[in-house]
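Notes for the one structure printed next.
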Amino acid sequence: MQGIIAVEKTLSRLADILETKGYEVVDLSESDLVGVDAIVVGGTDINLLNIQDTATDVPVINATGKTFNEIIEELGRM
């Protein structure tokens with residue numbers, strides 16, 4: 001298994017692809033983020049005020065403008 005990735009509900013197609021690549025995928029909105037190795041968001045929650053408070057220390061990938069392969073490559077580098 002590659003790792004546990006929390007994915008925004010709007011990225012269901014990406015979640016399916018990640019599962020075929022060996023990742024365990026959990027829904028970001030339903031996850032408490034315990035044990036999650038990375039988070040992938042669709043960019044709808046971009047921080048316009050640049051507030052740096054985070055609920056977790058795991059990497060967050062903004063999928064906006066990226067291909068599935070680019071996202072999988074980023075996850076592989078973590």
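The values are calculated or read from the model by the stated rules, or taken from the named source; none is laboratory data. On a predicted model such as this, the values are computed, not experimentally measured, just so you know. Here Cβ is always computed from backbone atoms with ideal geometry, including for glycine, and neighbour counts include all displayed protein chains. The accessibility values were calculated without ligands, DNA or RNA, using every heavy atom of the protein model including side chains. Shrake-Rupley method; radii C 1.70, N 1.55, O 1.52, S 1.80 Å.
Points worth noting:
- If you go through segment 14-25 and pick out every residue that is assigned to a helix (DSSP H, G or I), touching a residue at least 40 places away in the same chain (Cβ under 8 Å) and open to solvent by 90 Å² or more (accessible area, probe 1.4 Å), you end up with 0.
- The set of residues from segment 1-42 being in contact with a Gly (Cβ under 8 Å, 6 or more places away or on another chain) and of a type in the set (Gly, Ala, Ser) comprises just one member, Ala38.
- Qualifying residues in segment 26-42 (those that are more than 18 Å from Glu70 (Cα to Cα) and either open to solvent by less than 20 Å² (accessible area, probe 1.4 Å) or not hydrophobic (A, V, I, L, M, F, W, C) (or both)) - the one modelled with the lowest pLDDT: Ser31
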